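Report on one structure; see the data block that follows.
The values are calculated or read from the model by the stated rules, or taken from the named source; none is laboratory data. All of these numbers come straight from a predicted model, not from anything done at the bench. Cβ atoms come from the backbone with ideal geometry, glycine included; neighbour counts cover every protein chain shown.
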Amino acid sequence: MKRVMITDHGFPSIDLQKRIIESAGFQLVEAKPVCKTEDEVIERCGGAEVLLVQWAPITRWVLQSLPRVKCVVRYGIGVNNIDLDAAKELGVTVANVPTYCLEEVSNHALAMILSLGRRIPQDHHQILRGGWGVRRFSPIPAFSDLTLGIVGYGAIGRRVARKAKVFGFRIVAFDPYAPDSAFDEHGVERVDWDTILRTADILSLHCPLVPETQHIISRKTIGRMKRGVLLVNTARGPLISEEDLVEALKNGQVGGAGLDVFEEEPLAAGSPLRGLPNIILTSHAASVSERATELLQITASEGARDFLLGKQPESALA
């Protein structure tokens, strides 16, 4: 019987996956304990034709060591834990769930944008310590006087733009790969990298993590931004150099930040990000809703099932 292995996951149960995979006549096996390293994936998943993966590293070494595996399906949109080049060379199909949590992440980003713009974290922090009044956080501009910059104008970035329009922001976006029609659809101004850094009052990150985007927000780029700029990251932690961000939050070059993702997760107890008055921290929670989690499991399992039935998964990447 052909086998699908779940390398790792954070779901309360795998009943949905079981129903889809086993009703098609295939076996579903869950790695226990979950795989966190290359060696653990190789050791526990040797009997599988398809891997369902959340965070486990699927590297060239893993794929070469598991010649029986011919398909990898990621629970999520990003695939930076999977070596796509190696998969292509080795004839392994890779699929993701590109429709996952689009509304949830865009809503989460917008909630952070609005909270930072209204100085809610600063006010909350001071009230907990006996303070009162917002004059110390001035100036507090109207949203209609602010430019919201969106870095990465894919499905989530476009939703952020559409939702933010209601609040009166001027919206600009940077994405070298998106078609002009995507910007025209919602009246969003397309700008280059230098322009978005210089003009944005609020910068929201929605780009993938690839070598070119690692630490795109660093001391160098922060120094080119407006003083007091607000930063939001609901994409991938390593897009931002946290060391440089902490420095900028302390000296006022960055007025506030909303972070749902971090360079290392969970965020270390001793991280200097903890305790800053001008920051919102959430625990990689932007994607979470009951509906999104259920649809994620269903869609990923259907991709694995379809591959074993001889069909190309709908969201195949390689």
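Points to keep in mind about this one:
- Residue match in segment 42-59 (condition: among the hydroxyl-bearing types (Ser, Thr, Tyr) and over 24 Å from the mean Cα position of the chain (by Cα)): no
Residues checked against (1) touching a Ser or Thr at 6+ places or on another chain (Cβ under 8 Å); (2) closer than 30 Å to Leu239 by Cβ; (3) surrounded by fewer than 18 Cβ atoms within 10 Å (Cβ to Cβ); (4) at pLDDT below 95:
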| site | (1), (2), (3), (4) |
| --- | --- |
| Ile21 | yes, no, no, no |
| Gln64 | no, yes, yes, no |
| Arg74 | no, yes, no, no |
| Pro98 | yes, yes, yes, no |
| Val105 | yes, yes, no, no |
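- Of the helices (runs of 4 or more DSSP H) lying entirely inside segment 152-245, the ones with 3 or more residues being in contact with a strand residue (DSSP E or B) (Cβ under 8 Å, 6 or more places away or on another chain) are found at 155-165, 193-199.
- Hits in segment 6-16 - residues which are in contact (Cβ under 8 Å) with a residue 12 or more places away in the chain and over 16 Å from Cys71 (Cα atoms): His9, Gly10, Phe11, Ile14, Leu16
- Residues (of a type in the set (A, V, I, L, M, F, W, C) and without any contact (Cβ under 8 Å) to a residue 12 or more places away in the chain) located in segment 121-136: Ile127, Leu128, Trp132
- Selection over segment 269-312 of residues that are out of contact with any His (no Cβ under 6 Å at 6 or more places or on another chain) and farther than 16 Å from Val50 by Cβ gives a count of 26.
- Applying the criterion of being part of a loop (DSSP other than H, G, I, E, B) and basic (Lys, Arg) to the residues of segment 110-151, the residue that is farthest from His206 (Cα to Cα) is Arg129.
- Residue within segment 40-49 that is aliphatic (A, V, I, L, M), in contact with a Gly (Cβ under 9 Å, 6 or more places away or on another chain) and part of a loop (DSSP other than H, G, I, E, B) present: no
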